[in-house]
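Colleague: Dumping the structure here so I can ask a few things about it.
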Number of protein chains: 2
Amino acid sequence: MTTITAVEVIDVRFPTSLSADGSDAMNKDGDYSAAYVILRTDDSALSGYGFTFTIGRGNDICVLAAEQRALPLIGRDADAVLDDLGATYRDLKTDSQLRWLGPEKGVEHLAMAAVMNALWDMAARRAGKPLWRLLADMTPEQLVDIADLKYLSDALTREEAIALLEELEPTRSERIAELERDGYPCYTTSAGWLGYSDEKMRRLLREAVDQGYKHVKLKVGANLEEDIRRCRIAREEIGPDAHLMIDANQVWDVPQAIDWVGALSEFNPLWIEEPTSPDDILGHAAIRRAVAPIGVATGEHGMNRVLFKQMFQAEAIDFCQLDSARLASINEILAVYLLAKKFGVPVCPHAGGVGLCELVQHLSIFDYVAVSGSLENRVTEFVDHLHEHFVDPCIVENGAYRVPTAPGYSAEMFEESLREYAFPGGAYWTGASLVQARIA
Amino acid sequence: MTTITAVEVIDVRFPTSLSADGSDAMNKDGDYSAAYVILRTDDSALSGYGFTFTIGRGNDICVLAAEQRALPLIGRDADAVLDDLGATYRDLKTDSQLRWLGPEKGVEHLAMAAVMNALWDMAARRAGKPLWRLLADMTPEQLVDIADLKYLSDALTREEAIALLEELEPTRSERIAELERDGYPCYTTSAGWLGYSDEKMRRLLREAVDQGYKHVKLKVGANLEEDIRRCRIAREEIGPDAHLMIDANQVWDVPQAIDWVGALSEFNPLWIEEPTSPDDILGHAAIRRAVAPIGVATGEHGMNRVLFKQMFQAEAIDFCQLDSARLASINEILAVYLLAKKFGVPVCPHAGGVGLCELVQHLSIFDYVAVSGSLENRVTEFVDHLHEHFVDPCIVENGAYRVPTAPGYSAEMFEESLREYAFPGGAYWTGASLVQARIA
């Protein structure tokens with residue numbers, strides 16, 4: 001018997017605010033961070049790695065919450081825990097005292113995501129498969145048993161969910177072969193951060209086009225005149241046929257969103273992302289009706305499956321951008337994918353941050369193979385930051401994610417990265433690296 | 001100049017799970033707890049006390065979050081902070097790194113509530129007025145400056161908000177006199193906890209009727225046959241004319257809620273409370289359409305003003321049960337009251353827990369005096385637990401809250417209660433009280 005023996009949660013922070021990487025109209029100075037969970041067993045060959053993503057202060061609070069959330073796992077039989085991750089998830093989430101602090105939202109939900117991500121990583125490692133393949137090898141019934149369908153039955157029943165998956169089951173292998181050949185299409189946000197100079201943006205846009213990207217994204221929402229100038233530059237660089245997306249990071253009220261997007265419509269954006277509060281289902285629906293044919297996208301702050309259910313029911317969004325470290329891992333993400341399939345909304349996961357690209361490649365591949373069966377209107381975000389800290393980093397070629405092959409959920413970070421960027425005691429934050437560099 | 005010099009946040013937990021006080025279908029074993037904030041100044045006569053409410057585990061996480069949230073206040077001029085609590089609130093809430101952890105929901109929002117509650121308490125103490133009076137003495141413009149209207153302008157503009165308040169301004173003093181005479185009507189939940197025996201429930205219901213209550217509430221949702229038996233007992237005790245409310249604490253999916261409430265309709269409940277996920281605006285709207293004329297009530301887990309805005313827009317609820325320790329204090333609560341007024345929905349605040357009754361009496365009184373001007377369909381929850389720990393406890397007579405007169409927000413707890421129930425080091429939790437009792 002293999003026993004889960006310990007949980008260690010590390011506060012890792014990268015000083016991204018120094019270079020304005022990741023800067024937008026709402027978040028001007030984020031230090032990309034992870035509450036990084038390591039679950040150990042008494043088998044030194046079996047561990048699980050997972051995290052949630054934050055932008056700095058408060059990452060310590062997520063660490064504490066993740067430690068607390070993982071405690072019931074210690075001492076348990078790893079096989080029993082991993083053989084039924086549906087039951088494990090339900091066990092953890094029904095702690096009614098912790099539930100009170102959300103329910104199913106905010107810090108406690110981020111912590112749940114971190115812990116369940118580590119368990120899914122461990123399950124895939126145990127099976128010797130990349131996570132997408134572990135899922136793609138499950139039957140429709142097994143998948144639906146894992147999915148958290150609580151509060152969803154007015155929109156999707158268990159029977160409907162199974163039927164949706166059965167439809168595509170016979171042809172899964174064809175789509176796997178296709179993705180192994182072509183990869184899964186992605187777009188880049190690396191060029192468009194709000195804090196970048198026009199020259200830097202122009203250079204990065206040109207590089208993106210050269211690298212084969214057909215979609216690029218700009219941050220907007222701080223100043224309309226500057227947005228018009230930046231969108232014009234973008235169109236000059238990418239041409240009229242490539243897709244331009246714009247992202248306001250929640251800065252507007254609903255009427256303001258409608259006016260502002262209207263003023264940028266001449267640049268023909270594919271979507272406006274996060275035009276207003278991520279909680280405002282009816283607001284997104286109103287914006288969508290007003291700005292069509294420009295699409296509405298949101299989801300990186302979509303707190304849970306109940307929010308996404310309503311976004312679909314209200315016909316509020318054209319693109320669902322679920323987040324792999326905010327939703328409670330595969331159990332909840334799978335439910336959102338099933339809802340999206342039923343309502344015919346493409347899922348284009350949010351990525352970037354720390355390690356989110358590593359996670360979402362598994363999700364997008366699994367979605368195409370087993371749930372949606374379609375690549376139409378689907379692109380997954382890619383941001384070329386911080387991959388060097390991951391043991392099994394994602395690989396993007398010709399504007400597409402290559403299919404990962406190593407066992408696990410690609411979430412493991414290098415120990416030297418953890419030593420360097422642990423907060424506040426790591427070598428970077430204490431200044432020890434600087435001292436070492438001077439000595440050398 | 002008076003300077004804010006320190007913040008102390010105490011993890012206080014009461015062992016309510018031992019007696020099944022507060023037990024319901026979702027929360028079977030809560031230990032009522034507070035993350036209790038003390039803001040001190042260099043004037044020993046001026047402090048502020050506030051808290052958020054939790055049910056046990058994770059209260060420590062709220063404590064850490066509240067400490068962090070309050071840090072920017074330390075060293076600041078108390079008068080500058082308190083003279084413009086609208087600006088202070090906006091300063092605190094726009095920390096974009098902490099915002100990422102919600103935004104405006106979950107642990108971070110509970111912490112914001114605790115800190116702002118302490119500031120509002122301090123402001124009322126400085127003015128020498130109970131909080132409701134501090135607010136009732138403000139002009140419509142001053143109140144709207146305080147209210148957080150961000151993300152609400154599609155439902156309520158600043159001009160509309162001012163006009164709503166101006167309408168009732170000339171007659172505020174009449175309603176103050178009326179409440180000082182009669183009190184503000186309340187209902188009791190003390191009889192109906194799910195873990196109570198039939199005999200205990202029957203006795204408590206009889207006492208409630210004797211004490212003048214015209215509304216009582218039962219917890220339901222664990223077992224339909226038992227619910228039918230308990231509702232029958234309740235009707236036997238309170239008679240056909242008193243109001244019976246039922247509360248499912250979020251246990252149902254939407255179709256199940258409709259069926260279950262239908263099966264209890266013979267007992268003529270005034271409302272079904274929390275029939276499903278507190279996040280499910282469209283679900284509540286569907287339930288409301290199906291169970292009318294039984295009303296739908298929710299709000300104790302209503303995470304922020306954007307959720308309530310949509311509840312009103314979707315005509316999802318008949319009663320708004322906002323929570324004084326979950327919304328971000330007066331700044332956000334005032335916005336919800338203004339929305340409720342515009343949409344014609346009565347606000348019946350959630351209370352109970354630790355100290356929530358002490359807070360909400362101020363809210364209900366202010367609402368009647370300055371915002372709604374109506375008592376129709378309005379009752380405020382009262383639960384007769386834990387008031388003995390408060391320096392200025394609420395007083396209920398003849399089924400009504402007496403109008404509080406002491407300066408502040410009635411949030412201060414006795415130091416000996418803090419010493420006894422601080423977790424995990426307090427005398428109760430370490431067993432020291434037991435030892436002392438034996439020695440005595």
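The values are calculated or read from the model by the stated rules, or taken from the named source; none is laboratory data. None of the values given here were measured: they were computed from a predicted structure. Neighbour counts run over all protein chains shown; Cβ positions are idealised from the backbone, glycine included.
Colleague: Just to be sure, is residue A:151 of a type in the set (Phe, Trp, Tyr), surrounded by 19 or more Cβ atoms within 10 Å (Cβ to Cβ) and within 12 Å of chain B (Cβ to nearest Cβ)?
Modeller: Working: of a type in the set (Phe, Trp, Tyr): yes; surrounded by 19 or more Cβ atoms within 10 Å (Cβ to Cβ): yes; within 12 Å of chain B (Cβ to nearest Cβ): yes.
In short, yes.
Colleague: Taking the residues in the stretch B:289-310 that are charged (D, E, K, R) and not in a loop (DSSP other than H, G, I, E, B) as candidates, determine which candidate is farthest from residue B:335 (Cα to Cα).
Modeller: Taking the stretch B:289-310 and keeping what is charged (D, E, K, R), we get B:289, B:300, B:305, B:309.
Those left that are additionally not in a loop (DSSP other than H, G, I, E, B): B:289, B:305, B:309.
Values: B:289: 26, B:305: 7, B:309: 9 Å.
Among those residues, the one meeting the criterion is B:289.
Colleague: Which pairs do you get when a residue that is farther than 14 Å from residue B:402 by Cα, found in the stretch B:179-199, comes within reach of a residue that is in a loop (DSSP other than H, G, I, E, B) and of a type in the set (Ser, Thr, Tyr), reach meaning Cβ atoms under 6 angstrom, with the pair 6+ apart or on two chains?
Modeller: Final answer for the pair search is B:188/B:213; B:193/B:23; B:194/B:23; B:195/B:23.
Colleague: Could you please find all residues in the stretch B:7-21 being in a loop (DSSP other than H, G, I, E, B) and either at pLDDT below 85 or closer than 14 Å to residue B:189 by Cβ (or both)? Can you show your working first?
Modeller: Our first condition is that a residue be in a loop (DSSP other than H, G, I, E, B); within the stretch B:7-21, this holds for B:14-15, B:20-21.
Within the stretch B:7-21, B:20, B:21 qualify.
Colleague: Ok, one more. Six or more apart or on different chains, Cβ under 6 Å: which pairs go from a residue in the stretch A:252-279 that's within 14 Å of chain B (Cβ to nearest Cβ) to one that's of a type in the set (Gly, Ala, Ser) and not in a loop (DSSP other than H, G, I, E, B)? Could you list them?
Modeller: Within 6 Å, the pairs are A:254/A:283; A:254/A:286; A:258/A:290; A:275/A:257; A:276/A:257; A:276/A:283.
Colleague: Just checking, does the stretch A:118-137 include any residue being part of a loop (DSSP other than H, G, I, E, B) and either at pLDDT below 95 or within 20 Å of the chain's Cα centre (by Cα) (or both)?
Modeller: Here is the first cut: in the stretch A:118-137, the residues part of a loop (DSSP other than H, G, I, E, B) are A:128-129, A:137.
Right, trim to either at pLDDT below 95 or within 20 Å of the chain's Cα centre (by Cα) (or both) and you get none.
No.
Residue-wise test of (1) of a type in the set (A, V, I, L, M, F, W, C); (2) under 21 Å from residue A:404 (Cα atoms).
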position: A:119; (1), (2): yes, yes
position: A:123; (1), (2): yes, yes
position: A:128; (1), (2): no, yes
position: A:133; (1), (2): no, yes
position: A:147; (1), (2): yes, no
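Colleague: Just to check your reading of the model, which residue among A:358, A:300, A:332, A:315 is within 12 Å of chain B (Cβ to nearest Cβ) and closer than 26 Å to residue A:410 by Cα? Outline the logic, then answer.
Modeller: Working: A:358 fails: within 12 Å of chain B (Cβ to nearest Cβ); A:332 fails: within 12 Å of chain B (Cβ to nearest Cβ); A:315 fails: closer than 26 Å to residue A:410 by Cα.
Going through A:358, A:300, A:332, A:315 in turn, the sole match is A:300.
Colleague: Check off (1) in a loop (DSSP other than H, G, I, E, B); (2) surrounded by 23 or more Cβ atoms within 10 Å (Cβ to Cβ); (3) over 18 Å from the mean Cα position of the chain (by Cα) for residue A:24 and give me the number that stays unchecked.
Modeller: (3)
Colleague: Of the residues that sit in the stretch A:402-433 and are in contact (Cβ under 8 Å) with a residue 12 or more places away in the chain and among the charged types (D, E, K, R), which one is farthest from residue A:184 (Cα to Cα)?
Modeller: A:420
Colleague: Among what's in the stretch A:62-77 and is over 16 Å from residue A:94 (Cα atoms) and surrounded by fewer than 24 Cβ atoms within 10 Å (Cβ to Cβ), pick the residue that is nearest to the other protein chains (Cβ to nearest Cβ).
Modeller: Residue satisfying both the conditions and the ranking: A:64.
Colleague: Among the aromatic types (Phe, Trp, Tyr) and in contact with an Asp or Glu (Cβ under 6 Å, 6 or more places away or on another chain): which single residue out of A:89, A:32, A:49 fits that description? Break it down into steps so the answer makes sense when it comes.
Modeller: On the way: A:89 fails: in contact with an Asp or Glu (Cβ under 6 Å, 6 or more places away or on another chain); A:32 fails: in contact with an Asp or Glu (Cβ under 6 Å, 6 or more places away or on another chain).
Within the list A:89, A:32, A:49, the selection yields A:49.
Colleague: Quick one: residue B:241 ticks every box in (1) over 30 Å from residue A:312 (Cα atoms); (2) crowded, with 16+ Cβ neighbours inside 10 Å except a single one, so which number is it?
Modeller: Only one criterion is unmet by residue B:241, namely (2).
Colleague: Tell me yes or no: at least one residue of the stretch B:131-149 is more than 26 Å from residue B:49 (Cα to Cα), in contact with a Phe, Trp or Tyr (Cβ under 7 Å, 6 or more places away or on another chain) and outside the structural domain of residue B:39 (by TED's automatic domain parsing).
Modeller: Let us first name the residues in the stretch B:131-149 that are more than 26 Å from residue B:49 (Cα to Cα), namely B:140-141.
Next, from what is left, pick out any that are in contact with a Phe, Trp or Tyr (Cβ under 7 Å, 6 or more places away or on another chain): none.
There is no residue in the stretch B:131-149 that is more than 26 Å from residue B:49 (Cα to Cα), in contact with a Phe, Trp or Tyr (Cβ under 7 Å, 6 or more places away or on another chain) and outside the structural domain of residue B:39 (by TED's automatic domain parsing).
Colleague: Mind checking which pairs have a first residue in the stretch A:83-106 that is within 7 Å of chain B (Cβ to nearest Cβ) and a second that is among the hydroxyl-bearing types (Ser, Thr, Tyr) and crowded, with 17+ Cβ neighbours inside 10 Å, Cβ under 8 Å, 6 or more apart or different chains?
Modeller: Close Cβ pairs satisfying both conditions: A:97/B:54; A:100/B:54; A:101/B:54; A:103/B:277.
Colleague: Within the stretch B:216-243, track down each residue that is under 12 Å from residue B:194 (Cα atoms), touching a residue at least 40 places away in the same chain (Cβ under 8 Å) and not in a loop (DSSP other than H, G, I, E, B).
Modeller: Across the stretch B:216-243, the qualifying residues are B:217, B:219.
Colleague: In the set B:291, B:261, which member is more than 18 Å from residue B:345 (Cα to Cα) and over 23 Å from the mean Cα position of the chain (by Cα)? If you could, list the steps in order and put the result at the bottom.
Modeller: Details: B:291 fails: more than 18 Å from residue B:345 (Cα to Cα).
Exactly one of B:291, B:261 is more than 18 Å from residue B:345 (Cα to Cα) and over 23 Å from the mean Cα position of the chain (by Cα), namely B:261.
Colleague: Looking at the stretch B:36-61 only, could you name the residues that are within 10 Å of another protein chain (Cβ to nearest Cβ), among the small types (Gly, Ala, Ser) and under 22 Å from residue B:415 (Cα atoms)? Steps first, please.
Modeller: Going residue by residue through the stretch B:36-61, those that are within 10 Å of another protein chain (Cβ to nearest Cβ) are B:52-61.
If we keep only those that are among the small types (Gly, Ala, Ser) as well, we get B:56, B:58.
Residue satisfying the conditions is B:56 alone.
Colleague: Now for a separate question. When the stretch B:187-215 is examined, which residues are found to be of a type in the set (Gly, Ala, Ser) and in a loop (DSSP other than H, G, I, E, B)?
Modeller: Step one: of the stretch B:187-215, the residues of a type in the set (Gly, Ala, Ser) are B:190-192, B:195, B:197, B:208, B:212.
Within the stretch B:187-215, B:195, B:197, B:212 qualify.
Colleague: With respect to the numbered conditions (1) closer than 23 Å to residue B:93 by Cα; (2) more than 18 Å from the chain's Cα centre (by Cα); (3) not small (Gly, Ala, Ser), which one is the sole condition not fulfilled by residue A:54?
Modeller: Of everything listed in (1) closer than 23 Å to residue B:93 by Cα; (2) more than 18 Å from the chain's Cα centre (by Cα); (3) not small (Gly, Ala, Ser), residue A:54 misses just condition (2).
Colleague: So, one more: Regarding residue A:114, is this residue more than 7 Å from chain B (Cβ to nearest Cβ), over 14 Å from residue A:332 (Cα atoms) and buried (at least 23 other Cβ atoms within 10 Å of the Cβ)? Steps first, please.
Modeller: Working: more than 7 Å from chain B (Cβ to nearest Cβ): yes; over 14 Å from residue A:332 (Cα atoms): no; buried (at least 23 other Cβ atoms within 10 Å of the Cβ): yes.
For residue A:114, the condition - more than 7 Å from chain B (Cβ to nearest Cβ), over 14 Å from residue A:332 (Cα atoms) and buried (at least 23 other Cβ atoms within 10 Å of the Cβ) - is not met.
Colleague: For the stretch B:50-103, please list each of the helices (runs of 4 or more DSSP H) lying entirely inside it that holds at least 2 residues being over 27 Å from residue B:422 (Cα atoms). Before you say what the answer is, go through the steps one by one.
Modeller: Values: elements: B:59-70, B:78-83, B:85-93, B:96-99.
Qualifying helices (runs of 4 or more DSSP H): B:78-83, B:85-93, B:96-99.
Colleague: Please state which of the following conditions residue B:307 fails to meet, knowing it meets all the rest: (1) within 13 Å of chain A (Cβ to nearest Cβ); (2) over 15 Å from residue A:106 (Cβ atoms).
Modeller: Looking at each condition in turn, residue B:307 falls short on (2).
Colleague: Let me ask another. Tell me which of these residue B:220 doesn't satisfy, since it passes every other one: (1) crowded, with 23+ Cβ neighbours inside 10 Å; (2) farther than 28 Å from residue B:50 by Cα; (3) within 14 Å of chain A (Cβ to nearest Cβ).
Modeller: (3)
Colleague: I'm trying to understand the selection: among the residues of the stretch A:302-330, which are out of contact with any Phe, Trp or Tyr (no Cβ under 7 Å at 6 or more places or on another chain) and over 25 Å from residue A:143 (Cα atoms)?
Modeller: Listed by number, the residues that qualify are A:314, A:315, A:316, A:317.
Colleague: Then there is this: When the residues of the stretch B:374-405 are filtered to those that are within 14 Å of residue B:352 (Cα to Cα) and of a type in the set (D, E, K, R), which remaining residue is modelled with the lowest pLDDT?
Modeller: Going through the stretch B:374-405, the residues within 14 Å of residue B:352 (Cα to Cα) turn out to be B:379-390, B:393-396, B:401.
Of the ones still in play, those that are also of a type in the set (D, E, K, R) are B:381, B:384, B:388.
Details: B:381: 95, B:384: 91, B:388: 98.
My answer is B:384.
Colleague: Where residues in the stretch A:406-440 are on the phi > 0 side of the Ramachandran plot and at pLDDT 95 or above, which of them is surrounded by the most Cβ atoms within 10 Å (Cβ to Cβ)? Lay out the reasoning, then the answer.
Modeller: Initially, the stretch A:406-440 is screened for residues on the phi > 0 side of the Ramachandran plot, giving A:408, A:410, A:431.
This time we only want the ones that are at pLDDT 95 or above, so: A:408, A:410.
Working: A:408: 28, A:410: 25.
For the stretch A:406-440, the residue satisfying everything is A:408.
Residue-wise test of (1) within 22 Å of the chain's Cα centre (by Cα); (2) modelled with pLDDT under 95; (3) surrounded by 13 or more Cβ atoms within 10 Å (Cβ to Cβ); (4) farther than 30 Å from residue B:398 by Cβ.
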site	(1), (2), (3), (4)
B:155	no, no, yes, yes
B:159	no, no, no, yes
B:177	no, no, no, no
B:210	no, yes, no, no
B:214	yes, yes, yes, no
B:224	no, no, yes, yes
B:235	no, no, yes, no
